[in-house]
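Colleague: Before anything else, here's the structure in question.
The values are calculated or read from the model by the stated rules, or taken from the named source; none is laboratory data. In this text the structure is predicted, and so the values were computed from the model without any measurement. Cβ coordinates were reconstructed from backbone atoms using ideal geometry, including for glycine residues, and neighbour counts include every protein chain displayed. Just so you know, the surface numbers come from the protein's heavy atoms only, side chains and all, with ligands and any DNA or RNA stripped out. Shrake-Rupley method; radii C 1.70, N 1.55, O 1.52, S 1.80 Å.
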Amino acid sequence: MTKDMSLYWKKNLTYMVILLAIWAAVSYGCSILFVEQLNAFQLGGFPLGFWFAQQGAIYVFVVLIFVYYVLMQKLDKEFDVNE
Amino acid sequence: MSILAWTYIMVGLTFSIYLAIAWISRVKTTKGFYVAGGGVSPLANGMATAADWMSAASFISMAGMVSFMGYGGAIYLLGWTGGYVLLALLLAPYLRKFGKFTVPDFVGDRYYSNAARFVALICAIFVSLTYVAGQMRGVGIVFSRFLEVDVNTGVLIGMTIVFFYAALGGMKGITYTQVAQYVVLIIAYMIPAVAISMMITGVPLPQIGFGSEITSGPNTGRYVLEIIDALHRDLGFAEYTQAFGPGSKSMLDVFCITLALMVGTAGLPHVIIRFYTVPSVRGARISAGYALFFIALLYTTAPAVASFARYNMINTLHETPYAEAPSWVKNWEQTGLIAWVDKNGDGVIQYGPGAPFSGRPSFTGETGELGQRLLSNTPSDNANEVFIDRDIMVLANPEIANLPAWIIALVAAGGLASALSTASGLLIVVSSSISHDLYYRMINRQASEAQRLLVGRVMIGIAVLIAGYFGINPPGFVAQVVAFAFGLAASSFFPIIVLGIFDKRTNREGAIAGMVIGISFTFLYIIQVNFLGMAPWFMGISAEGIGAVGMLLNFIITIVVSRLTPPPPAEVQAMVDNIRFPRGAGSAYDH
């Protein structure tokens, strides 16, 4: 792998780690580990932790995939490896 | 027109569409047969993936499970969506760049070993066959409930339809019928959900509606969930939104089950191979996004349906004289999905925690003086008098919301679409594992295109017959096999595919050791807990969640063994470098 390519790969891994950290935070953090603490707050008629577990986390999942797509589109162009 | 007449029209119409699509997209090449020619647009693949993924269980049973589990239903909602993030970030783009036909293809080439290929294809077949048996049963059940035919006749009709379009069009036929099936099932799911949300809260979006205020009846102005929690307290249930407590799963167990379902989703062969069908790496990335978006439409609606159903059910049933119960209660009592045993003889329905009697209702065939169907079951000693099948939460929705007959018929067509689309996606995995991975890659490398296509079609036929057999004679443990499918996918494929892409040092010895130990541990644990009646001995983790532990075990063993044995050959390392950037993906190539 040329030097350029290892930088490309490193940036890809950085994006991945950050997005997966958010993925873990909303699903395992907000929806399971801290659900009881968050349930002390209300979001309209939802206890907040309950909302994350049955709605919010799923919305975040969808957004994460599209964000990764956009980031990688830019990265592919920057390093001239796009199709 | 009657509901039955409408149902025949809706089902006949949708089936004709599927068959017409199959005929238009029939194929003549193995590439068309296994990966739809590699030219499916990302949006179409997203819809097809969503239909492939959402089975009869998602469509019919999931809202009901959430309705009875409250917060605990989140394990399914999160577990069956979160895996797509893993797929999009860790697997799909790289497998697409790799560009072969199947999951065992990747395992066999990356780990330069036919033994690894063989282990992978056995796992793929086992996982897919256990899964498909449930789908055929689902087809039969929908037929029997809505079209008043025998369950077995329903299974046979379903088998014929699936065989026709899967054998004719292979992956291409399946993909485009799945697109049509997605449209049918999402419309069928959303219309009753929106109607119920409007009826209770006046908010048309169910996702917002179940966090809104009730607009009619004695509870006007109070939040839906607040009222459900209050009803639960009054009847002696744990609160609906309460996360943990006596009687519910431990936090560790919820954590592990969610993880096992997510990772299992990302490791299921019928989901992974969908990403071989798009034309580019970029297409694979965005297609996963579309797929999850289309899945999320249903998966964020289901908990709303669950809450509304819970509210409706307790309100309309509890302390209501049987004679005044709404007509949908009596209609579904006729199908055996609702049963009432008047324990205290007051003619009023009482609902509460616990089962009214053990097992499913067995009717004597006689009716009581109020017209209720009498039961021969021995009543239990709690105060609950009502048996409710969880499937009713979705099936009875249109009647509860007073929707016209054609919408009830549409729900039947939607249930069939969900079962057929998932069944066909699984059958192509079974067929390709045998005809491509076993026959062509391991037995007859000289086979001609025509021979391979014929073997592929014959294998679909055999797989349909096996699936149909289990649909007609369901093994007593259909519910438990789900734990198998996800646990085995999580503990076998996921770790070695991820390491195969992200860790060049992972070699053949590590991968085989990891797969074998990961699967064996998970397999034995599920057998011990689900079939031999042992207590869940590993930190109290249930059979459904043990795949998460098996996956970690696989990761650790693969990494350690790889470090202790020689690195993979240079050409394999070069291949790993190559799949890490998108340029030059082309379409899936034959080999």
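Colleague: In the stretch A:44-64, which residues give up 40 Å² or more of accessible area once the other protein chains are added, compared with their chain alone (1.4 Å probe)?
Modeller: A:45, A:46, A:50, A:53, A:54, A:55, A:58, A:61, A:62
Colleague: Here is a further query. Note the buried accessible area between A and B here, summed over both chains, with a 1.4 Å probe, in Å² to the nearest 100. Could the numbers behind the result be given before it?
Modeller: Details: alone 6240 and 21810 Å², together 23610 Å².
By this definition, chains A and B bury close to 4400 Å².
Colleague: Using all Cα-Cα distances in the protein assembly as shown, what percent lands in each 10 angstrom bin from 0 up to the longest?
Modeller: So the P(r) values, bin by bin, are 3, 15, 26, 27, 18, 8, 3, 0, 0.
Colleague: For the stretch B:338-388, with all protein chains present and a 1.4 Å probe, just round the carbon and sulfur fraction of the accessible area to a whole percent. Display every interim value, and only then the final one.
Modeller: Values: 1260 of 2570 Å².
Carbon and sulfur atoms account for 49 percent of the accessible area of the stretch B:338-388.
Colleague: May I pose another question? Output ³J(HN,Hα) for the stretch B:147-164: one whole-Hz value per residue in order, computed from phi by the Karplus curve 6.51 cos²θ - 1.76 cosθ + 1.60 with θ = phi - 60°, and x for Gly and Pro.
Modeller: Rounded to whole hertz, the list is 10, 6, 9, 5, 3, 5, 4, x, 4, 5, 4, x, 4, 4, 4, 4, 4, 4.
Colleague: With the other protein chains left in place, how much accessible area per residue, in square angstrom, belongs to the protein assembly as shown at a 1.4 angstrom probe?
Modeller: Numbers: 23610 Å² over 674 residues.
Computed with neighbouring chains in place, this is 35 Å² per residue.
Colleague: Fully extended, how many nm does the chain gain between residue B:19 and residue B:205 (0.36 nm per residue separation, minus their Cα-Cα distance)? Numbers along the way, then the final one.
Modeller: Numbers: separation 186, 0.36 × 186 = 66.96 nm, distance 3.37 nm.
Extending this stretch completely gives an extra 63.6 nm.
Colleague: When you take every Cα atom in the stretch B:338-388, what is the radius of gyration, and what is Dmax, the widest Cα pair distance, in Å?
Modeller: Just the Cα atoms of the stretch B:338-388 yield Rg and Dmax of 10.0, 27 Å.
Colleague: Moving to a separate point now. Which Cα, out of B:275, B:155, B:238, lies furthest along the positive dipole direction of the stretch B:129-279 (beta carbon charges, K/R +1, D/E -1)?
Modeller: Going by the Cα projections, it comes out as B:275.
Colleague: Would you compute, for the Cα atoms of the stretch B:270-419, the largest minus smallest coordinate along each principal axis and list the three values in descending order, in whole Å?
Modeller: Largest to smallest, the principal-axis extents are 67, 33, 27 Å.
Colleague: Spin-label point model (7 Å from Cα, Cβ direction): what's the residue B:578 to residue B:215 distance in nm?
Modeller: Going from the residue B:578 label point to the residue B:215 one covers 6.1 nm.
Colleague: In debye to the nearest 20, how big a dipole does the protein assembly as shown give about its Cα centre with +1 on each Lys and Arg Cβ and -1 on each Asp and Glu Cβ? All intermediate terms of the calculation are to be shown ahead of the outcome.
Modeller: Details: 38 positive and 37 negative charges, 567 e Å.
Dipole magnitude for the protein assembly as shown comes out near 2720 debye.
Colleague: Please compute the net charge surrounding residue B:121, taking Lys and Arg as +1 and Asp and Glu as -1 over other residues with Cβ under 10 Å from its Cβ.
Modeller: Values: positive: B:117, B:441; negative: B:105, B:437.
For residues surrounding residue B:121, the net value is 0.
Colleague: Please report, to two decimal places, log10 I(q)/I(0) for the stretch B:153-243 at q = 0.11, 0.12, 0.15, 0.20 Å⁻¹ as given by the Debye formula with identical point scatterers on the Cα atoms and no solvent.
Modeller: So the normalised log intensities are -0.58, -0.63, -0.73, -0.93.
Colleague: Can you give the translational diffusion coefficient of the stretch B:36-165 in µm²/s, computed by Stokes-Einstein from the Kirkwood radius over Cα pairs at 37 °C and 0.692 mPa s? Walk me through the intermediate numbers first.
Modeller: Details: Rh = 17.7 Å.
Answer from the Stokes-Einstein relation: 185 µm²/s.
Colleague: Can I ask one more? How long are the semi-axes of the ellipsoid equivalent to the stretch B:232-333, from square roots of 5 times the Cα gyration tensor eigenvalues, in whole Å, largest first? Please report the intermediate quantities before stating the final value.
Modeller: Values: eigenvalues 314, 90, 24 Å².
Result for the stretch B:232-333: semi-axes of 40, 21, 11 Å.
Colleague: Give the lysines whose C-alpha is closer than 20 Å to that of residue A:77, dropping any in the same chain fewer than 8 places away, or say none.
Modeller: A:3, A:10, A:11, B:97
Colleague: Quick check for me: using +1 on Lys/Arg Cβ and -1 on Asp/Glu Cβ, what's the dipole size of chain A about its Cα centre, in debye to the nearest 20? Could the numbers behind the result be given before it?
Modeller: Working: 5 positive and 6 negative charges, 25 e Å.
It works out to roughly 120 debye.
Colleague: Where the accessible area of the stretch B:168-317 is counted over protein heavy atoms with a 1.4 Å probe, how much of it, in %, is carbon and sulfur? Present the calculation step by step, with values, prior to reporting the outcome.
Modeller: Numbers: 2730 of 4200 Å².
Roughly 65 percent of what the probe reaches on the stretch B:168-317 is carbon or sulfur.
Colleague: Using the Cα centre as the reference, give the magnitude of the dipole from point charges on the C-beta atoms of chain B (Lys, Arg: +1; Asp, Glu: -1; all else neutral), rounded to the nearest 20 debye. Before the final figure, lay out each step's value.
Modeller: On the way: 33 positive and 31 negative charges, 571 e Å.
Charge dipole of chain B: 2740 debye, to the nearest 20.
Colleague: If I take all pairs of Cα atoms in chain B, what percentage of them are more than 31 Å from each other? Intermediate values should be presented prior to the final figure.
Modeller: On the way: 87547 of 174345 pairs.
In whole percent, the long-distance tail amounts to 50.
Colleague: Same structure, new question: In units of 2.2 N^0.38 Å, what is the alpha-carbon radius of gyration of the stretch A:3-78? Don't skip to the end; give the middle numbers.
Modeller: Working: Rg = 16.1 Å, N = 76, 2.2 N^0.38 = 11.4 Å.
Here the Cα radius of gyration is 1.41 times the empirical estimate.
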